[in-house]
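**Student:** Let me give you the structure first, and then I'll get to my questions.
No lab work stands behind these numbers, since they all come straight from the coordinates. Values in this document were obtained by computation on a predicted structure and should not be read as measured data. Glycine gets a Cβ as well: all are built from the backbone with ideal geometry, and neighbour counts include every protein chain shown.
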Amino acid sequence: MLVFIKNNLEILNFLTATFLLIVTIIYVFYTKKILESSILSSNPILGIELKNIIIFKKFEGIDRRQMSIDLILKNLGNSPIIDIYADGEITLNYEDIKGEKTIPQRFEAEFIPFIEIQNENKISLNFGTRFVKTLICDLEKNIKLNEIRIATNPSQESYSGPIFTINVFYKNNLNKTFMSSYSGRLDVNTLRNINEEFVFPGENENIELSILSIPRHKFSTKLITEKEMYSEIKRRDSKRILCGS
């Protein structure tokens, strides 16, 4: 037996190393599966509910006007949500601010420490005077184009309003990063009067906008990297000044 081992030592070493390699691969595979299963078992899903989009009337005595998007963030998953950052932007159709059509909210991403299972949190995203004035011009152009369409070719597809996008970044208790995203188009049809004519409120009136039901709103949630999260927030941070005060 010893003679056999001595004569075949290299082969036996090779077989032993191969066996250990196979065992290691199997161990790594199952460890990865267990980790993935742990992540899925701690899978928070953050829902985004849009409550109001309001352009507020002009501040008394000063040329200042703001807009608010009011949201409810709901933890629909099976574990707590932590380190939540909520951010938003609106993409104009016809106007721009210094060459940019997609303008983020005025302040940095809204931070919420945590939301417990099946709980919710109310937040507001705010847009400043410069953006509000530009948005109103964009909406007025949209209205004029639709008036021409109705008068000349009513069967033509209507001109859609600006696109809003809400992104909420958050983590689970295993420090994995997720993103929920909700988007749709602002609807100017709510500005029609009883005679089906568009009437744009004056600067001393609040304007409450709604969102189009068609095309459908889009909601998604996915696993992302922390680097992707900070990159997305940083992209918006560089353009927040465009929103105005």
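**Student:** Put a dot 7 Å past each Cα toward the Cβ at ASN206 and SER79; how far apart are the dots in nm?
**Tutor:** So the two model labels end up 4.0 nm from each other.
**Student:** Would you mind ranking MET229, MET67 so that the residue whose beta carbon has the fewest other beta carbons within 10 Å leads the list? Please list the in-between numbers first.
**Tutor:** Details: MET229 20, MET67 23.
Fewest to most other Cβ atoms nearby, the residues stand as MET229, MET67.
**Student:** List, in order, the whole-Hz ³J(HN,Hα) value for each residue of the stretch 76-91 obtained from phi through the Karplus relation with A = 6.51, B = -1.76, C = 1.60 and θ = phi - 60°; use x for Gly and Pro.
**Tutor:** Running phi through 6.51 cos²θ - 1.76 cosθ + 1.60 with θ = phi - 60° gives 9, x, 10, 8, x, 10, 10, 6, 9, 10, 10, 9, x, 8, 10, 9 Hz.
**Student:** When the chain is fully extended, how far beyond the present Cα-Cα distance does ILE62 get from SER245, taking 0.36 nm per residue of separation?
**Tutor:** Values: separation 183, 0.36 × 183 = 65.88 nm, distance 1.21 nm.
Between ILE62 and SER245, full extension yields an extra 64.7 nm.
**Student:** Under the rule a/c < 1.5 gives rounded, and otherwise a/b versus b/c splits prolate from oblate, where does the stretch 53-125 land using the Cα gyration tensor?
**Tutor:** It is prolate, given that a/c is not under 1.5 and a/b is the larger ratio.
**Student:** At a threshold of 8 angstrom on Cα-Cα distance, excluding pairs fewer than six apart, so keeping six or more, what relative contact order does the stretch 40-129 reach in percent?
**Tutor:** Once normalised by length, the contact order is 33 percent.
**Student:** Can you sort SER160, SER220 so the residue with the fewest Cβ neighbours within 10 Å comes first?
**Tutor:** Working: SER160 16, SER220 9.
Listed from fewest to most nearby Cβ atoms, that is SER220, SER160.
**Student:** So, one more: Using the Kirkwood radius built from alpha carbon pairs, what does the Stokes-Einstein equation give as D for the stretch 49-198 at 10 °C and 1.306 mPa s, in µm² per second?
**Tutor:** The Stokes-Einstein estimate is 92 µm²/s.
**Student:** Using the Karplus curve 6.51 cos²θ - 1.76 cosθ + 1.60 with θ = phi - 60°, work out ³J(HN,Hα) for each residue of the stretch 121-126 in order, rounded to whole Hz, and write x for Gly and Pro.
**Tutor:** These are the phi-based 3J(HN,Hα) values: 9, 9, 9, 10, 9, 10 Hz.
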